[in-house]
Amino acid sequence: MKKITFLLLTLLSFTLHAQEKMMSNNGIVNFEASIPLFEEVKATNNKARCVLITKTGEFTCWVTVKDFKFERSLMEQHFNSNYMESDRYAKAIF
């Protein structure tokens, strides 16, 4: 009985397919644009979403630009309005 069960389970395991997409909704993206002798410019986004397609090896991440958090609110405001134009380009895809 044990041999038949083992053989049956072995045959079934070959017919099962692995998951084709792996997803994560809690990635972290760090942004740093500091240069020596000036104020540090750093931001963190804790809401990155990533997908790995195991069949092809393709890896994609996307973040909402407005979700980057800076230490100073003025840096965040300049980042969103002047540099990244986050109203026009809301998402970044890697």
Worksheet item: Which condition number does D87 fail, the rest of (1) under 20 Å from I28 (Cα atoms); (2) modelled with pLDDT under 90 being met?
Response: (1)
Discussion item. List pairs: first residue in the range 72-88 and among the acidic types (D, E), second residue in a helix (DSSP H, G or I) and buried (at least 16 other Cβ atoms within 10 Å of the Cβ) anywhere in the structure, Cβ distance under 8 angstrom, at least six positions apart or on different chains.
Written reply: D87/N80
Item to complete: Check the range 29-36 and report whether any residue there is surrounded by 12 or more Cβ atoms within 10 Å (Cβ to Cβ) and within 11 Å of the chain's Cα centre (by Cα).
Response: yes
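How many residues does the range 70-94 hold that are farther than 16 Å from T44 by Cβ and surrounded by 10 or more Cβ atoms within 10 Å (Cβ to Cβ)?
Filtering the range 70-94 down to residues farther than 16 Å from T44 by Cβ leaves 74, 77-78, 81-83, 85, 87-91, 93.
Keeping just the survivors that are surrounded by 10 or more Cβ atoms within 10 Å (Cβ to Cβ) gives 77-78, 81, 83, 85, 87, 90-91.
So the count comes out to 8.
Would you confirm, using the coordinates I've provided, whether N30 is modelled with pLDDT of 90 or more, outside any loop (DSSP other than H, G, I, E, B), touching a Phe, Trp or Tyr at 6+ places or on another chain (Cβ under 6 Å) and not hydrophobic (A, V, I, L, M, F, W, C)?
no
The values are calculated or read from the model by the stated rules, or taken from the named source; none is laboratory data. What you see is a predicted model, and the numbers here were worked out from it, not measured in a lab. Heads up, the Cβs are rebuilt from the backbone with ideal geometry, glycines too, and the neighbour counts pull from every protein chain shown.
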